[in-house]
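S.K.: I have a structure I would like to understand better, so I am pasting it below and will then ask my questions one at a time.
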Amino acid sequence: MPRLFGTDGVRGLANRDLTAGLALGLAQASAAVLTQGRRAESRRAEGRRPVAVLARDPRISGEFLASAVAAGLASSGVDVLDAGVIPTPAAAFLIADIGADFGVMISASHNPAPDNGIKIFAFGGTKLPDDVEDRIEAHLDHDKLTPIAGDVGRISRFADAEDRYVVHLLGTLPHRLDGIHVVLDCANGAAAGVSPQVFTDAGAQLTVIGANPNGLNINDGVGSTHLDNLAKAVLEHGADVGIAHDGDADRCLAVDRHGNIVDGDQIMAILAVSMAERGVLKDRTLVATVMSNLGLRRAMAANDIRMIETKVGDRYVLEELNANGLSLGGEQSGHVIMTDFATTGDGILTGLHLVAEMARTGKPLHELAAVMTVFPQILVNVRGVDHHALKSDEVIAAAVREAEAELGDTGRVLLRPSGTEPMVRVMVEAADQATADRLAHSLADVVRLRLALDSLWDPGPVGANER
């Protein structure tokens, strides 16, 4: 059977893949696994029950899923503090802030409204390691906790959840945002309430779009996966910058005053240089994934900043940050993690600090983003191939070497097998778009020819550019 937990919790089509019954079971299993150990025993010895924070984004299915999770937790003897609709990073912060035993966030992030997901956070607001997720999944088939009478949990409203989070965000700022006009796109998601408030409180002049969630319009043509409307609004209002979140506000992408997109790599470059100048970038090191643009590596080297690469996924970035006590990392997609202030990617925190750097330096965003030259990057997904055989195929290896020799130090090649389906991702960066496109599709042809699952014959050795 495939693993229930994916790279970011349990996700699927709500009420088909992700049902109320599964949500109830996951809550009960999580309670059984995450309320063990000295902390829980000490709490029980004092006559107190374990505590969990529960939150969701505004998609309609979150209502019944939250009810199922709350029932599962309370029936297992866990007191539930229901924070309602708040961003994922807010839920993570609140878990740490009040010392809750764990927490649950119901969200499918940037996915469309019919999908939903369940993310579980450990004590301290950190994501669960794989082995703990596996224990929870295994416990779905075990007996559940069944306290009775006064030992069952209570469900209550986390009344000051948003206020605590807003105060926290404002306290992280190195500079106020006075005088900067920001267009804020909340993706009709979890940021719709708190993000406009905190940007206003920080002093920004604000124009808000995508802040009218109705349960069905989350990520629908708005947010960090649909930046056209944000760019249009920035130009129409003559704003200084546009900030876009995704559905659960753990991502941030930006648009400069000319309508140009500033992605996660560029945001990380700006923040890393700023933090290094201010002496708060620990070990002068940035953590990013192998998919980050070559321009980011060049920019970091030019500013005497070390860059560590991880596998794709913000959880791997976070693992590296925590293992080495580092302060900044993230992904091109806009997951930016600032460990001095957060335990996970926080799109509102990232946006605030990006705009604060504009205010601190007096420079427009396009000038700050010029610290990094973005290399043209082409990604081709080759489907229907034996991705397990990628590393052992010498013909593909020879084709890659040939492409790398042509690029020299002006680009790079990355072939990456999918972890979940028969697909190989071919990525090429080059100094110009035409070269990147030509080499990427040439390598994709070789991968398709060599690894096609429906091939009934051995094509024999071929060169990188032969058909």
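S.K.: Check residue 434 against each of (1) crowded, with 22+ Cβ neighbours inside 10 Å; (2) farther than 30 Å from residue 3 by Cβ and name the one condition it does not meet.
M.R.: The one condition residue 434 does not meet is (1).
S.K.: Just to be sure I understand, how many residues within the range 28-53 are surrounded by fewer than 17 Cβ atoms within 10 Å (Cβ to Cβ) and within 11 Å of residue 145 (Cβ to Cβ)?
M.R.: 1
S.K.: Report every pair of residues separated by at least 6 positions or lying on different chains whose Cβ atoms are under 6 Å apart, first residue within the range 339-355 and without any contact (Cβ under 8 Å) to a residue 24 or more places away in the chain, second not aromatic (Phe, Trp, Tyr).
M.R.: 339/321; 339/327
S.K.: Continuing with the same structure: Any residue at all in the range 393-404 that is closer than 21 Å to residue 307 by Cβ, touching a residue at least 60 places away in the same chain (Cβ under 8 Å) and open to solvent by 30 Å² or more (accessible area, probe 1.4 Å)?
M.R.: Looking through the range 393-404, none of the residues is closer than 21 Å to residue 307 by Cβ, touching a residue at least 60 places away in the same chain (Cβ under 8 Å) and open to solvent by 30 Å² or more (accessible area, probe 1.4 Å).
S.K.: For residues in the range 129-151 being part of a loop (DSSP other than H, G, I, E, B) and open to solvent by 50 Å² or more (accessible area, probe 1.4 Å), which is farthest from residue 7 (Cα to Cα)?
M.R.: Once the filter is applied, the top-ranked residue is 148.
This table checks each residue for (1) aromatic (Phe, Trp, Tyr); (2) over 18 Å from residue 280 (Cα atoms); (3) at pLDDT 95 or above.
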position	(1), (2), (3)
315	no, yes, no
319	no, yes, no
326	no, no, yes
330	no, no, yes
336	no, no, yes
339	no, no, yes
348	no, yes, yes
352	no, no, yes
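S.K.: Let me ask something else. Is it the case that residue 189 is small (Gly, Ala, Ser), open to solvent by less than 50 Å² (accessible area, probe 1.4 Å), part of a loop (DSSP other than H, G, I, E, B) and free of Cβ contacts under 8 Å to residues at least 12 places away in the same chain?
M.R.: Details: small (Gly, Ala, Ser): yes; open to solvent by less than 50 Å² (accessible area, probe 1.4 Å): yes; part of a loop (DSSP other than H, G, I, E, B): yes; free of Cβ contacts under 8 Å to residues at least 12 places away in the same chain: no.
No; evaluated as a whole, the condition is false for this residue.
S.K.: Next question. Is it fair to say residue 23 is in a helix (DSSP H, G or I), within 21 Å of residue 142 (Cα to Cα), hydrophobic (A, V, I, L, M, F, W, C) and touching a residue at least 12 places away in the same chain (Cβ under 8 Å)?
M.R.: yes
S.K.: Please go through the range 278-291 and pick out each residue that is among the hydrophobic types (A, V, I, L, M, F, W, C) and open to solvent by less than 20 Å² (accessible area, probe 1.4 Å).
M.R.: Taking the range 278-291 as the starting set, the residues that turn out to be among the hydrophobic types (A, V, I, L, M, F, W, C) are 280-281, 286-288, 290-291.
Passing the criteria: 281, 286, 287, 288.
S.K.: Does the range 98-128 hold any residues that are among the aliphatic types (A, V, I, L, M) and assigned to a loop (DSSP other than H, G, I, E, B), and which are they?
M.R.: Within the range 98-128, 100, 108, 113, 122, 128 meet the criteria.
S.K.: So, in the range 330-378, of the ones that are polar (S, T, N, Q) and part of a helix (DSSP H, G or I), which residue ends up farthest from residue 89 (Cα to Cα)?
M.R.: Looking at residues that are polar (S, T, N, Q) and part of a helix (DSSP H, G or I), I get 361.
S.K.: What is the one condition in (1) crowded, with 24+ Cβ neighbours inside 10 Å; (2) modelled with pLDDT under 95 that residue 126 does not satisfy?
M.R.: Condition not satisfied by residue 126: (1).
S.K.: Given the criterion crowded, with 21+ Cβ neighbours inside 10 Å, of a type in the set (A, V, I, L, M, F, W, C) and modelled with pLDDT under 95, identify the matching residue among 294, 230.
M.R.: After applying the criteria, what remains is 294.
S.K.: On to the next question. Only residues that are in a helix (DSSP H, G or I) and surrounded by fewer than 24 Cβ atoms within 10 Å (Cβ to Cβ): list them for the range 258-277, please.
M.R.: 271, 273, 274, 275, 276, 277
S.K.: For the range 310-327: of the residues being surrounded by 16 or more Cβ atoms within 10 Å (Cβ to Cβ) and free of Cβ contacts under 8 Å to residues at least 24 places away in the same chain, which is nearest to residue 416 (Cα to Cα)?
M.R.: 310
S.K.: Let me ask something additional. Can you find even one residue in the range 203-224 that is closer than 23 Å to residue 160 by Cβ, open to solvent by 30 Å² or more (accessible area, probe 1.4 Å) and either within 19 Å of the chain's Cα centre (by Cα) or of a type in the set (S, T, N, Q) (or both)?
M.R.: no
The values are calculated or read from the model by the stated rules, or taken from the named source; none is laboratory data. This structure is a prediction, so every number in the text was calculated from the model and none was measured. With ideal geometry, Cβ positions are generated from the backbone for all residues, glycine too; neighbour counts draw on all protein chains shown. These accessible areas exclude ligands, DNA and RNA; they are computed on the full protein's heavy atoms, side chains included. Shrake-Rupley method; radii C 1.70, N 1.55, O 1.52, S 1.80 Å.
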